[in-house]
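Worksheet: one structure, shown below.
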Amino acid sequence: MNAITVAERAAHDIAAHLHPFTNLATHPQVGPLVITRGDGIFVEDDQGRRYLEAMSGLWCASLGFSNARLARAGSEALHGLPYYHTFNGRSNPAAIALAEKLLTLAPVPMSKVFFANSGSEANDSAVKLVWYYHNAIGKPAKKKIIARKNAYHGVTVAAASLSGLVPNHRDFDLPIDRILHVECPHHYRFAEAGESEEAFATRLADALEQRILAEGPDTVAAFIAEPVMGAGGVLVPPATYFEKVQAVLRKYEVLLIADEVICGYCRTGEMFGSNTFGLQPDILTSAKALSSGYAAISAVMVNEKVHAAVAANSGKIGTFGHGFTYSGHPVAAAIALETLQVYEDDNILAHVQSLAPRFQRGLQRHASRAHVGEVRGVGLIGAIELSADPAKRTPFDPALKAGARLAELALAQGLIVRAMGDAVAFCPPLIITAEQIDEMFARFDRAFELFEASL
Ligand code: PLP
């Protein structure tokens, strides 16, 4: 495929490639955007166009697209031990070191780390651990898991069921049973007129309690939450929300799963979103920035309460019958370990903390625009929600595809952002500099002016 032209490559893509999260009916007319290289926070397509990647790909390439240390770590691992498994007590040095390292970073005391290959698999594993745990402690009826509308937890059968977004369920015959969805904590969209963030949080926590009581506390096993809801539109929790929700969970012995797949590893200005928002999870799932997206790896941390029961039960059965061929893959684990080392050596957390105010100010500058309803964010993640009439909080007619239109205009300005309905998200690589933040918003400004002119 060396001498292939751009048009030929596009034709091959259309002929052979089934794209995730793509309109498959229109893809043959639209064609692919083929990215061929990366350089810091920029990527380049096969026509030589350069884009500032303000989404870190899919919220993951935290160290940008050309980190030499990660490439070297992967290469050395491939030359040393390209594969071995972790079933039947087998292990490898990188997986051991990574598990140990993650326990030192955990926001609350955690006991063990289970490895998988994606955020979805991590969340599916968390669901299975919750079910297994409750059988182990003699509460086989306590199995329901509560998630939230607009949550995104992945696409495998259980993870897609946890997700609270229509396209993840519709015509896939999901969600499966025993998974429930409660209200989305988006103050701007769902608060009543004049309701403060605190009062809204109280109302949602009360509603959660009523739901647990209605279902029967003996049937409710766990609650899963992203500290900041990512794909739902970068929804930052209202003040006091997690404090009040966790009080309810504790009252009815409902486990908390923190889905840190986006928030984990410095994104919100702390190592985990759980640190930023005071979550005390029993189970914590992470992926993405764990390896800066350079290798497919995810981690599920469990506390000793969960681990002890699971371990005892596996002793009864003779094995813990769960795990993947690539759990603790030595190449992925080596890349993840090096990623965590780069975070430390390059003071990435301090860098995020120092740049977050500039990034958030850059977002907030758009709050006064005629078609912006809300600007929200924390650390180096945020979103601008468009509105046809901000005073009345009226969304645009979905047929206008306002968010997608703005994202397309940004692309033409050499800027990759992501539209989720009327919200346009920013989640740049954590290595972004102050000047690059300014450049990112300068490109966005140009796109926004064209967007407004087009209305
Ligand atoms: N959880 C959250 C919060 C996510 O944002 C994602 C992916 O974007 C997932 C889980 C699923 O991860 P993956 O696509 O690696 O399966």
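Some observations on this one:
- In sequence order, the range 323-329 has phi-based couplings of x, 10, 3, 9, 4, x, 3 Hz under the Karplus curve 6.51 cos²θ - 1.76 cosθ + 1.60, θ = phi - 60°, and Gly or Pro positions carry x.
- Each residue of the range 407-419 was assigned a 3J(HN,Hα) from its phi angle through the Karplus curve 6.51 cos²θ - 1.76 cosθ + 1.60 (θ = phi - 60°); the sequence is 5, 5, 5, 5, 4, 5, 8, x, 9, 9, 10, 10, 9 Hz, with glycine and proline shown as x.
- Antiparallel bridge percentage (DSSP; both residues within the range 70-345; nearest 5): 40
- Per residue, the chain reaches -13000 deg cm²/dmol at 222 nm when only DSSP H runs of four or more residues are counted, each adding -39500 (n - 2.57).
- Here the contact order of the chain, divided by its residue count and restricted to Cα pairs under 8 Å and six or more residues apart, works out to 19 percent.
- Calculated FRET efficiency for the pair A207/R358, C-beta based, R₀ 35 Å, to 0.05: 0.40
- Efficiency of FRET between K392 and Q47 - r from beta-carbon atoms, R0 51 angstrom, step 0.05: 0.75
- When E53, E452, E192 are compared by accessible surface with a 1.4 Å probe, the order from highest to lowest is E192, E452, E53.
- Both radii were evaluated on the Cα set of the range 155-313; the Rg over Rh quotient, with Rh as the Kirkwood radius, amounts to 0.96.
- Accessible area ranking (1.4 Å probe, heavy atoms, ligands and nucleic acids excluded), largest first, for F65, F42, F444: F65, F42, F444.
- Only alpha carbons enter this Debye calculation for the range 339-429, each as an equal point scatterer, and the log10 of I(q)/I(0) it gives at q = 0.11, 0.17, 0.19, 0.22 Å⁻¹ is -0.37, -0.76, -0.88, -1.07.
- Reported to the nearest whole Å, the Cα centre-to-centre distance from the range 141-168 to the range 248-281 is 17.
- A423 long-range amide H proximity, modeled H, under 5 Å: L386
- For L18, solvent-accessible area (1.4 Å; no DNA, RNA or ligand), Å²: 130
- Listed values for the range 44-49 are Karplus-derived 3J(HN,Hα) couplings in whole Hz (6.51 cos²θ - 1.76 cosθ + 1.60, θ = phi - 60°), namely 10, 9, 6, 10, x, 7, and x replaces Gly and Pro.
- Residue pairs exceeding 32 angstrom between C-alpha atoms, taken from K288/K392; K112/K144; K128/K401; K143/K401; K101/K305; K251/K392: K288/K392; K128/K401; K143/K401; K251/K392.
- The accessible-area ordering, largest first, of the residues I431, I224 stands as I431, I224, per a 1.4 angstrom probe.
- Ratio Rg/Rh [Cα only; Rh per Kirkwood] for the range 70-345: 0.97
- I317 accessible area, assembled protein chains, probe 1.4 Å, Å²: 110
- The distance from the alpha carbon centre of the range 9-35 to that of the range 354-422 is 27 Å, rounded to a whole number.
The values are calculated or read from the model by the stated rules, or taken from the named source; none is laboratory data. Source: prediction; values computed, not measured. All Cβ positions, glycine included, derive from the backbone under ideal geometry; neighbour counts span all protein chains shown. Heads up: the accessible areas ignore ligands, DNA and RNA and are worked out on the full protein's heavy atoms, side chains in. Shrake-Rupley method; radii C 1.70, N 1.55, O 1.52, S 1.80 Å.
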